[in-house]
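The values are calculated or read from the model by the stated rules, or taken from the named source; none is laboratory data. The structure presented is a predicted model; accordingly, all values stated were derived computationally and were not measured. No Cβ is skipped: glycine too gets one built from the backbone with ideal geometry, and neighbour counts run over all protein chains shown.
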Amino acid sequence: MKIVAFYIKQIIGLGTAGFFAWLCIGWWNMGWFWASDAHYAWLIALAAVAFFLVLICTPIQLALTKVHSDWVAYLAGALAGPLAVVLHLALNTHFQLTWQSYLARQAWMHLIFGLLGLWFSVNYRRRLGPNNSFKPKPLRGSA
């Protein structure tokens, strides 16, 4: 049950943070706007982040459970974001496979999802990784 609660918190927290980052970039590029269906866009952002966390970030972190270096897991989490964006573009769009279509135009999305992947990997390592807070180290000696 703790794992389900962990994932629900991550999806809501990271999805909301990603949605507001996307809004801030939109406001910066096009000026202030607010649509009447922004709450639906927030739900779509939650769904996108849920797919991202469950289908891309979690398998990467599970593959790195035996690695005791947190920096390797954090780097893999940060690289999971651009990987997710490229996979989404390759599978769900008809863009030509060029540097500009996949990287330059989508640079902000790479940055947002990279930061979300890094944030998730930090939280994952703290809660579910080796020596996490759910399984504390036993005390040595008499206590």
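Side notes on the structure shown:
- Applying the criterion of being over 18 Å from ILE25 (Cβ atoms) and of a type outside the set (A, V, I, L, M, F, W, C) to the residues of region 103-123, the residue that is surrounded by the fewest Cβ atoms within 10 Å (Cβ to Cβ) is ASN123.
Residue by residue, here is whether (1) of a type outside the set (D, E, K, R); (2) within 18 Å of the chain's Cα centre (by Cα); (3) closer than 19 Å to ILE112 by Cβ; (4) modelled with pLDDT of 90 or more holds:
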| residue | (1), (2), (3), (4) |
| --- | --- |
| TRP28 | yes, no, yes, no |
| ALA41 | yes, yes, yes, no |
| ALA47 | yes, yes, yes, yes |
| LEU53 | yes, yes, yes, yes |
| CYS57 | yes, yes, yes, yes |
| ILE60 | yes, yes, yes, yes |
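- Put simply, of ILE12, ILE60, ILE25 the only residue that is on the phi < 0 side of the Ramachandran plot, buried (at least 17 other Cβ atoms within 10 Å of the Cβ) and in contact (Cβ under 8 Å) with a residue 12 or more places away in the chain is ILE60.
- Residues of region 1-18 that are assigned to a helix (DSSP H, G or I) and over 12 Å from the mean Cα position of the chain (by Cα): LYS2, ILE3, VAL4, ALA5, PHE6, ILE8, LYS9.
- Any hit, region 34-53, residues being surrounded by fewer than 15 Cβ atoms within 10 Å (Cβ to Cβ), in contact with a helix residue (DSSP H, G or I) (Cβ under 9 Å, 6 or more places away or on another chain) and assigned to a loop (DSSP other than H, G, I, E, B): yes
- Listed by first and then second residue, the pairs linking a residue in region 33-45 that is of a type outside the set (Phe, Trp, Tyr) to a residue that is modelled with pLDDT of 85 or more and in a helix (DSSP H, G or I), with Cβ atoms under 6 Å apart and 6 or more places separating them unless they lie on different chains, are ALA45/GLY15; ALA45/GLY18; ALA45/PHE19.
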